[in-house]
Amino acid sequence: MALSPSQVIVLATPVFLLLIAAEYAWGRWRGRDTYRLNDAINSISLGMLSQLTAVLTPLLQVGIYTAVFAHAALVREDAFWTSPAGWLLALVFYDFCYYWLHRAGHEMAVFWAAHVVHHQSQDYNLSTALRQTSSGALLGWIFYLPMAVAGVPPLVFAVVALVDLLYQFWVHTEHVGKLGWFDRWFCSPSNHRVHHAVNDAYLDRNYGGILIVWDRLFGSFREEDERCVYGTRAPLESWDPLWSNLEVYWALARDSWHAGAWGDKLRVWFKPPGWRPADVAERFPKPPFALDRVTRYHPAMTRSLAWFAGVQFATILAGVALFLWYADGLPLVRGATWLAVLTAALWAVGAAMQGRLDAIEVLLIEAAALATATAAEGWIEWHRAFKPLAMLLAIAWVAARRDSGRNGLVLVAALALCLAGDVFLMFEGFFIPGLASFLAAHLCYLALFRQGVRWFPSGRALAGTLAVAALMLAVLLPRLGPVLQIAVTAYAIVIALMAAQAIGRATLLRDRASLGVAAGAAVFMLSDAILAIHRFALPVPLAPLWILSTYYVAQVLIVHNARTASAPSPLLRTRTSRLPGAAA
């Protein structure tokens with residue numbers, strides 16, 4: 001049977017991991033370990049995320065190429081391209097196009113925003129090879145259109161693209177030195193180490209994927225002759241796979257927004273990376289890069305955190321492999337749902353390695369994501385397991401904190417009532433008890449958000465949330481019986497007051513925690529609005545997905561931010577430290 005590119009990657013993954021393990025063992029034996037667990041997990045996680053998103057972008061990956069081939073190919077000689085000579089020529093042709101895409105990725109900011117992901121690691125090993133962007137397909141297809149116009153069939157294009165990518169895996173190592181004549185013709189470990197270095201002499205060199213002759217022909221070759229320092233000149237300093245993909249786009253958008261001249265707003269995206277309009281650079285200066293001040297980002301992990309992250313990573317990797325194996329046959333919505341679940345899990349593990357989340361919070365996020373996905377899939381028994389589990393984990397996390405005090409008790413009460421509401425709403429005929437449970441939960445939240453501030457500090461927030469509640473009631477009440485009219489009216493007023501209190505509190509305190517709580521309260525109101533519209537007014541497409549995803553986002557935001565300032569959980573304490581970089 002013919003394998004899809006995603007299935008080929010799944011079959012290649014054990015080989016990748018075996019070679020990574022062999023490189024790690026070799027480095028340990030030689031006294032030159034080039035691995036850190038947190039960095040390796042982050043790099044492979046970005047590779048997983050790249051493969052996951054590729055499943056949802058077939059139009060950009062191959063679709064546009066196929067359309068151009070079908071309508072604009074100058075010559076159609078499929079028999080030639082599937083001959084040995086044709087395959088070889090297609091591979092060389094692809095590598096030539098890849099050279100120019102890769103070079104654009106270093107010489108034009110909008111392409112660098114996608115490519116930077118591959119360079120963010122400050123280590124250089126085989127796990128770095130798997131560190132791939134999730135946004136490269138947005139514009140990268142442009143550089144391969146000459147192959148379509150020349151008549152290279154889409155199947156041949158897809159195969160040589162995979163070959164070119166797989167070849168580049170082995171060159172990401174510090175344990176292979178110079179290879180003599182091979183270095184003069186091909187991309188090799190020595191040549192590619194130069195490419196990943198931030199040394200002045202090495203910057204933006206050696207772009208070739210398989211052949212290094214392109215760099216020799218077009219003036220971008222540099223031989224390795226001094227010790228390499230890896231990473232980027234604007235370090236990421238995060239294990240967040242989503243921020244890794246977005247950080248440069250965000251920086252470009254911010255500079256474009258602040259630029260005074262309309263031309264500069266556009267030039268920001270197409271000038272070389274690091275270029276900034278003069279007015280923006282003056283208002284928001286950045287320190288110049290200095291090689292001797294490079295330090296490695298390394299939030300230290302306890303042994304328990306390392307084991308937790310490792311087990312979580314292995315479990316997610318298995319889930320990603322299962323998804324990729326069947327992804328091509330999944331409808332778009334199902335694929336997007338499981339992409340979101342796996343992405344949430346990858347993000348949570350990265351946050352735990354940074355010390356931003358406790359272990360129980362990670363498990364809470366994963367249980368919430370699975371509860372949402374199983375509801376969307378219609379897997380009722382699994383949903384009935386994961387939905388209460390999510391709230392039990394939230395309760396356990398708050399209860400485990402020794403210094404939560406009265407606020408912690410109120411928060412536990414709110415979560416316990418939400419748990420009761422969840423259980424009631426999973427079964428037919430228990431809507432009123434479920435509604436009453438959530439109404440009581442919102443009263444607890446309202447009391448919690450009152451701590452430290454007066455009642456309803458923002459009149460605008462109160463007016464706004466009550467106006468939303470009034471609008472909802474105007475839509476819903478004509479469709480309800482007398483008992484439900486009373487119950488739904490009371491509920492709408494209470495949740496509006498809860499949201500107004502949280503938002504008003506944030507307008508006074510203006511700190512990250514209060515803003516997070518306010519966002520959670522607003523999203524909670526949105527979730528309840530979707531539920532009410534779907535149940536009583538008109539069917540909402542994909543209702544379980546929207547209702548539960550917003551519900552759990554709201555709960556996680558509130559639980560994470562409504563706590564009092566306290567010491568980290570005793571289970572997984574982390575501390576942030578910096579280790580000297582290679583140049584230090």
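The values are calculated or read from the model by the stated rules, or taken from the named source; none is laboratory data. None of the values given here were measured: they were computed from a predicted structure. Positions of Cβ are backbone-derived with ideal geometry, glycine not excepted, and every protein chain shown enters the neighbour counts. Heads up: the accessible areas ignore ligands, DNA and RNA and are worked out on the full protein's heavy atoms, side chains in. Shrake-Rupley method; radii C 1.70, N 1.55, O 1.52, S 1.80 Å.
Annotations
- Check on Glu226, on the phi > 0 side of the Ramachandran plot and open to solvent by 70 Å² or more (accessible area, probe 1.4 Å): no
- Boolean, Leu59 is at pLDDT below 95, assigned to a helix (DSSP H, G or I) and open to solvent by 60 Å² or more (accessible area, probe 1.4 Å): yes
- Search result, residues across the stretch 292-310 that are open to solvent by less than 60 Å² (accessible area, probe 1.4 Å) and of a type in the set (Phe, Trp, Tyr): Tyr297, Phe308
- Checking Ala327, Ala253 one by one, the residue that is within 24 Å of Ser50 (Cα to Cα) and touching a residue at least 40 places away in the same chain (Cβ under 8 Å) is Ala327 and no other.
- In the stretch 68-102, the residues that are within 9 Å of Ala148 (Cα to Cα) and surrounded by 13 or more Cβ atoms within 10 Å (Cβ to Cβ): Val68, Phe69, Ala73
- Test: residue in the stretch 486-499 that is small (Gly, Ala, Ser), open to solvent by 20 Å² or more (accessible area, probe 1.4 Å) and in contact (Cβ under 8 Å) with a residue 12 or more places away in the chain: yes
- Within the stretch 259-286, the set of residues being of a type in the set (Lys, Arg) and open to solvent by less than 80 Å² (accessible area, probe 1.4 Å) comprises Lys265, Lys271, Arg276.
- Residue within the stretch 90-108 that is assigned to a loop (DSSP other than H, G, I, E, B) and touching a Pro at 6+ places or on another chain (Cβ under 9 Å) present: yes
- Just one residue in the set Phe313, Phe289 is among the aromatic types (Phe, Trp, Tyr), touching a residue at least 40 places away in the same chain (Cβ under 8 Å) and open to solvent by 50 Å² or more (accessible area, probe 1.4 Å); that residue is Phe289.
- Positions within the stretch 14-44 being closer than 23 Å to Val116 by Cα, out of contact with any Lys or Arg (no Cβ under 6 Å at 6 or more places or on another chain) and in a helix (DSSP H, G or I), in sequence order: Phe16, Ile20, Leu37, Asn38, Asp39, Ala40, Ile41, Asn42, Ile44
- Test: residue in the stretch 233-243 that is open to solvent by less than 20 Å² (accessible area, probe 1.4 Å), out of contact with any Phe, Trp or Tyr (no Cβ under 7 Å at 6 or more places or on another chain) and in a helix (DSSP H, G or I): no
- Taking the criterion of being open to solvent by 40 Å² or more (accessible area, probe 1.4 Å) and not in a helix (DSSP H, G or I), the residues of the stretch 437-483 that qualify are Gln451, Gly452, Arg454, Trp455, Phe456.
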